[in-house]
Amino acid sequence: MGDIKQVIVVRTDLDMGKGKIAAQVGHACVLGAEHVRKSHPEWYNEWWGGQEKVVVKVSGIKELQEVKRHAIDLNLPWSEVSDAGHTQLAPGTTTCISIGPAPENLIDKITGDLKLL
């Protein structure tokens, strides 16, 4: 099957503080893992041992939506995080997405050229 990883894609245009980014990435990790635990248990079980995660960045919502469309096109599991709006952002603001956990070779087709956060 190959290596399994999870990639979190974060918007940088929102001027989120470091703590806010950490919280949003945490939400994405949990949502993505729970989705895959139910939909692809074999990927989840293989990933669970090391739980490899990579966090990358995009410049804004259009680029984030493009990444999400590519995940959908490749039938990869993805999850989207929308902020509750209690602190820094307006309610419903999409902050990041999770792709996977899924085979690394498939995720890299989408996120391999994105810069690390």
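The values are calculated or read from the model by the stated rules, or taken from the named source; none is laboratory data. Everything numeric here is computed off the predicted structure, so don't read it as measured data. Quick reminder, even Gly has a Cβ in these numbers, built from the backbone with ideal geometry, and neighbours come from all protein chains shown.
Lys57: outside any loop (DSSP other than H, G, I, E, B) and surrounded by 12 or more Cβ atoms within 10 Å (Cβ to Cβ), yes or no? Yes. Are any residues in region 56-105 within 13 Å of the chain's Cα centre (by Cα) and more than 17 Å from Val7 (Cβ to Cβ), and if so, which ones? Hit for region 56-105 is Ser82, nothing else. Within region 45-54, restricting attention to residues that are under 15 Å from the mean Cα position of the chain (by Cα) and assigned to a loop (DSSP other than H, G, I, E, B), which residue is surrounded by the fewest Cβ atoms within 10 Å (Cβ to Cβ)? Among those residues, the one meeting the criterion is Gln51. Between a residue in region 60-80 that is closer than 11 Å to Thr111 by Cα and any residue that is basic (Lys, Arg) and surrounded by fewer than 19 Cβ atoms within 10 Å (Cβ to Cβ), which pairs come within a Cβ distance under 8 Å, given they are 6 or more apart or on different chains? Within 8 Å, the pairs are His70/Lys109.
Can Ser98 be described as within 12 Å of Val9 (Cβ to Cβ), out of contact with any helix residue (DSSP H, G or I) (no Cβ under 9 Å at 6 or more places or on another chain) and in contact (Cβ under 8 Å) with a residue 40 or more places away in the chain?
On the way: within 12 Å of Val9 (Cβ to Cβ): yes; out of contact with any helix residue (DSSP H, G or I) (no Cβ under 9 Å at 6 or more places or on another chain): no; in contact (Cβ under 8 Å) with a residue 40 or more places away in the chain: yes.
No; evaluated as a whole, the condition is false for this residue.
Only residues that are surrounded by fewer than 20 Cβ atoms within 10 Å (Cβ to Cβ) and farther than 16 Å from Trp78 by Cα were counted in region 15-37, giving 7. Taking the criterion of being assigned to a loop (DSSP other than H, G, I, E, B), modelled with pLDDT of 95 or more and either touching a Leu at 6+ places or on another chain (Cβ under 6 Å) or aliphatic (A, V, I, L, M) (or both), the residues of region 60-93 that qualify are Leu74, Leu76. A count restricted to region 101-117 and to residues that are surrounded by 15 or more Cβ atoms within 10 Å (Cβ to Cβ), touching a residue at least 40 places away in the same chain (Cβ under 8 Å) and not hydroxyl-bearing (Ser, Thr, Tyr) stands at 8.
Condition check ((1) within 21 Å of Leu117 (Cβ to Cβ); (2) surrounded by fewer than 18 Cβ atoms within 10 Å (Cβ to Cβ); (3) out of contact with any strand residue (DSSP E or B) (no Cβ under 6 Å at 6 or more places or on another chain)) across all residues:
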position	(1), (2), (3)
Ser39	no, yes, yes
Trp43	no, no, no
Glu66	yes, yes, yes
Leu74	no, yes, yes
Val81	yes, no, no
Gly85	no, yes, yes
Cys96	yes, no, no
